[in-house]
Structures are given as structure tokens and as C-alpha cells.
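For reference, the structure is listed below as C-alpha cells.
Each reported figure results from applying straightforward, stated rules to the coordinates on display, with no laboratory input. On a predicted model such as this, the values are computed, not experimentally measured, just so you know. Every residue, glycine as well, gets a Cβ built from its backbone with ideal geometry; the counts of neighbours run over all protein chains shown.
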Amino acid sequence: MAKISVFGIGYVGVVSAACLARDGHDVIAVDVDTGKVDSINSGLTPIVEEGIGELVAETVASGTLRATTDFEAAVLETDASFVCVGTPSADDGSVGLVYVTSVCEHIGAALAKKDDFHSVVIRSTIVPGSTEDACIPVLEKASGKTAGKEFGMGYYPEFLRESTAIADYYDPGLIVFGYLDEGTKKILAGLNADLPCKTQMVDIRTAEMVKYTSNTWRAVKVTFANEIGNIAKDNGIDGQTVMEILCSDDKAAMSPYFMRPGFAFGGSCLPKDVRALRQLAQSKGTPHHMLDAVLTANEAQIAKAEQMVLDRGTEKVGFVGISFKPGTDDLRESPLVALAARLVDKGIDVSIYDPFVQEAYDTETPGAGRGNDHLPDLESRLVSDLDDLIENSGTVLVGNFYHDAVERIKQAAQRRPVVDLTRVNREMVTNDSYHGICW
Ligand SMILES: NC(=O)c1ccc[n+]([C@@H]2O[C@H](COP(=O)([O-])OP(=O)(O)OC[C@H]3O[C@@H](n4cnc5c(N)ncnc54)[C@H](O)[C@@H]3O)[C@@H](O)[C@H]2O)c1
């Protein structure tokens, strides 16, 4: 069983401290607010939350949970400190780190007096880079020790929802933590070992980003549902019924397929249907901020890809893929066609390898080239051999993922610029010659 000090007895701190104590760990809760400290030590909860009153009473009575205002003693008597203080917005909307760095300073001062290895784990929500750029320098300065070597460092975000916080603690949707050292990894992995959820162990910045991504995704979903509800209502439809039915579809609505960062959406349905719904909203006078933003952002992703290609400064560009997704010859509203047309307009010589579009032309499939509204000479730009396309291109633009193209694109990236909009290989990240649109 571990000995853990929890700094900040707010919603996150109390729930973490009490649940850890119930699991048998020895927990010291720390706060500057003497009222909260006294409350815990009297076996009373300082927050209102389902089940927390009983949990605090039980764990304080059994001796596994106590509270103090003595920061130094809390650090000296435990193996790890969890920082759960608030991070309210600063005036300009940026994350407020004053409480976190203040606690780090106290913990660092205590670490200076401690011989045993101690891990510092930030649980407050802080933007990517904060642990490395703000917390670690403060801890190192105050302790005179090096993070990851002489003391442990981790970032372990909390995803609980107030009102179901204890249930969420024992049945989380997601557990992720970032760590600098094996000692911290071992403690955090051990604490989560029995929970019914895979523990994702990553670098600290990734864990910080996952937390913001999770909350922003929740916010996007609420706004999306509200906008759908407003449009539905103005058309005499119950938007809650619509959204309940949508959410029952695990294959498309909730699918990870649509959650991979990469290139713009396109095809015969999504752009047309988002536009039409926006038009319907407009016709009824229903505000449609989110639909506007979706279309604007999609257009911006095409412009971003265009700039990435132009920045390579080559006269010839070879497209790997031109249809709106691999496995089809459908060119309707393919963002790759739009991108190719924009480059042609800028005087770039564009060649295209696309086995599915090629097959449609070769077999004289009725409707070959269907939906191509932007590139009238598309057929004459097709190159049937991928190696020829690569050899004769200044820059290779990867638009669609084809399994048999992966190795050749990896090799091509060693000889010439490659702009990748789909990510042919998870190992590849932007370097001098390879440029991933979101990685
Ligand atoms: N509330 C939630 O549902 C929730 C869920 C997940 C993550 N978070 C994140 O967790 C963090 C804490 O949130 P919260 O809602 O528990 O905050 P809170 O405001 O309820 O509690 C923060 C506590 O920290 C204490 N504190 C402030 N400065 C201190 C210091 N220098 N030393 C010791 N204690 C100090 C305060 O007295 C208070 O008790 C925030 O970053 C928040 O974004 C919150």
C-alpha cells in the first residue's frame, strides 16, 4: 500500500483522497483552508457529493485518511504527492497556474530535506507544456534536485464528473498518465491496476493534451446537440429524440473512424448535407454558429495542405490518391481534387496516382471521373505506376492510404519532400523532408 499526500481538498482532492484511503492507502490531505482541514479531521466532508460523506467518515475513523496544513510533514511522511489545486482562468483566458506553482514550491522545499525518493504528480488540469515549463523548474529550484532522477514526476489527469464522482473513480471511462521516471510509473500503474479500464501510459505532454481534448470534445458535443435541437425545434421535430437515435449508432456516429486528425472531410454526403442543414437553419432564422464553423474549419484544412505543398517550393507534385477516400473512384467533393485544382491554378504541375480512379477509366466504367468539378484534365494527369509518379515528382502528396504504397512512400521520404495528409505510418512524424499535416 502506498503513502500519498493530496494537495488541495476540493472536489478532485477529496474524492481522490477518500477513494485512495478506502482502497487501503495511507492518505494525508493538505490544504491552506483550515476549515476544510478541520472538517476532514472531524470525519466530515467539505463538499457535497453522492457517497462522499460516508466515505470520509469511514476512512477518517479507520485512520487511513487525515488532513493537515503542514506541507512539509505531508511530503516527508509520504511516497508521492498529488497536486489537485484549482486552475481558474487568468484574465486573458489562459490557464491559471499560481496555485499549482505555489504548491510545487512548498513541495520542492520539503523535498530538499528528504533523502528518500518521492514522486510529484500533478492532477490539476494544466495546458500541455505546463508540467515541463512551469512545475518542474519550480520544483527543481526549490529542492535543488533533478526531476526524473532525484525525484519522480508525473501528470495524471482526473476525469470525474461531479455528482457521480465516486462511481466514476471506480469505473472510469479513461485512465491516462504521463511520467518521467520508472518510480512514478510504478506507483501510478499500481494504483490503477484493479480498475476495469486500460491504463494508458504516455509522455507528460500527451497526457496533458488528452485532458483538454476530452473536455473540449464534451463541450463540442453539447454545442452540437444544442444546435441540432434548435434547428429541430424550429422545424417541429424533437431534437432529443433525434440525438438519442443518432447516439444508438456505434458504427458511424460514435466511430473512431471520424476522430483521426488528418485531412478535410469530403465526398458526396458530408459537405452537401452540412450545407443543406445550415441552409434550412438559415431559412427558419435559427442560429447556426457551429455549422458555419465546421465548414470554415474544413476549408481551412484544405488551405493548410495547399500551403504545406507550396512551402516545399517544387514545381511538380505527385498526388497519391485523388478520390474522396481510398477504395472508391468517387470524386464528388473530394477535398483532394479541390487541393489539386488550387495547386494547378498556382502553376504547379500535378500528376496523380489513384488505382481506383484509374480502374474506372481503364475499364470504361460508366461515370468514370464522376463528380470531378474542378480538374477537367484529371484523366490526362493520371499515372498508373506509383514508382513513376514518385520518381517524376518534386513533392509527393499523400492523400489516401493504400497498403501497398506504404513502403515506397517511406523510402520516397528519404529522397524528396513528402506531404502526408493521411499518415501512411504511425512511426512517421514531421522532419526535414517528411511533413505530416497533424503530426
Ligand atoms: N471539479 C471537477 O469536476 C474536476 C474534474 C477533473 C479535473 N478538475 C481539475 O482539478 C483541479 C481542481 O479542481 P477542483 O474542482 O477540485 O478545485 P476546488 O477549487 O474545488 O479545490 C481546490 C482546492 O485547492 C486548495 N488550494 C488552493 N491553493 C492551495 C495551496 N497553495 N495549497 C494547498 N491547497 C490549495 C483550495 O483551498 C481548494 O480547497 C482543477 O485544475 C480542475 O480543472 C476538476
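Straight-line reach only, C-alpha to C-alpha below 30 angstrom: list the lysines that LYS410 could link to, leaving out same-chain residues fewer than 8 apart.
Leaving aside lysines fewer than 8 places away in the same chain, those within reach of LYS410 are LYS304, LYS316, LYS325, LYS346.
Testing the spin-label approximation: label points 7 Å from Cα along Cα→Cβ at ASP249 and VAL95. State their distance in nm.
Computed distance between label sites ASP249 and VAL95 equals 3.5 nm.
Would you mind checking which residues have amide H under 5 Å from ASP79's amide H? H placed 1.01 Å from N; only 5 or more apart, or other chain.
When sequence neighbours closer than 5 places are left aside, the close amide H contacts are LYS3, ILE4, SER5.
If you only keep lysine pairs separated by 8 or more in sequence, or across chains, how many in segment 33-189 come under 26 Å at the Cα atoms?
17
Of the GluC sites (Glu not before Pro) in segment 286-315, which ones lie in a loop per DSSP and count no more than 13 other C-beta atoms within 10 Å?
Taking segment 286-315 and a limit of 13 other Cβ atoms within 10 Å, the loop GluC sites (Glu not before Pro) found are GLU315.
Going by amide H atoms built from the backbone, whose H comes under 5 Å of the H on TYR434, apart from near neighbours?
Answer set, sorted by chain and number: VAL418.
Expressed as an acute angle from 0 to 90° and rounded to the nearest 10, what is the orientation of the C-alpha long axis of helix 52-62 relative to the principal long axis of the chain?
Long axis of 52-62 versus the principal axis of the chain: about 50 degrees.
Can you sort GLU58, GLU140, GLU208 from fewest to most other Cβ atoms within 10 Å of each residue's own Cβ?
Numbers: GLU58 15, GLU140 18, GLU208 24.
Lowest to highest Cβ neighbour count: GLU58, GLU140, GLU208.
So, in nm, how far is label LYS316 from label LYS113 when the simple model puts each one 7 Å beyond its Cα toward the Cβ?
Distance between the two pseudo-spin positions: 7.2 nm.
Across segment 97-106, in residue order, what do the Karplus-derived ³J(HN,Hα) couplings come to in whole Hz, using 6.51 cos²θ - 1.76 cosθ + 1.60 with θ = phi - 60° and x for Gly and Pro?
So the J values, rounded to whole Hz, are 9, 4, 5, 5, 5, 5, 5, 4, 4, 5.
Using the alpha-carbon atoms, what tilt in degrees (0 to 90, nearest 10) does helix 335-345 show relative to the longest principal axis of the chain?
Relative to the chain, helix 335-345 is tipped by roughly 60 degrees.
What's the extension gain from GLU299 to GLU58 if we count 0.36 nm per residue and subtract their Cα-Cα distance?
On the way: separation 241, 0.36 × 241 = 86.76 nm, distance 5.66 nm.
Length difference between fully extended and current span is 81.1 nm.
Given H placed 1.01 Å from N in the peptide plane, which residues other than close sequence neighbours of TYR179 have an amide H under 5 Å from its amide H?
Result for TYR179 returns TYR155, VAL202, ILE204.
Can you bin segment 3-202 into rounded, prolate or oblate? Criterion: square roots of the alpha carbon gyration tensor eigenvalues sorted a ≥ b ≥ c, rounded for a/c under 1.5, prolate for a/b above b/c, oblate for the rest. Could you put the intermediate results ahead of the total?
Details: a/c = 1.35, a/b = 1.26, b/c = 1.07.
Rounded.
Can you tell me how the chain classifies by the Cα gyration tensor, rounded, prolate or oblate, using a/c under 1.5 as the rounded cut? Mind showing how you got there, number by number?
On the way: a/c = 2.91, a/b = 1.86, b/c = 1.57.
Prolate, because a/c is 1.5 or more and a/b exceeds b/c.
Using θ = phi - 60° and the Karplus curve 6.51 cos²θ - 1.76 cosθ + 1.60, what whole-Hz ³J(HN,Hα) does each residue of segment 283-296 get, with Gly and Pro shown as x?
Coupling constants for segment 283-296: 5, 9, x, 8, x, 9, 4, 6, 5, 4, 5, 4, 5, 5 Hz.
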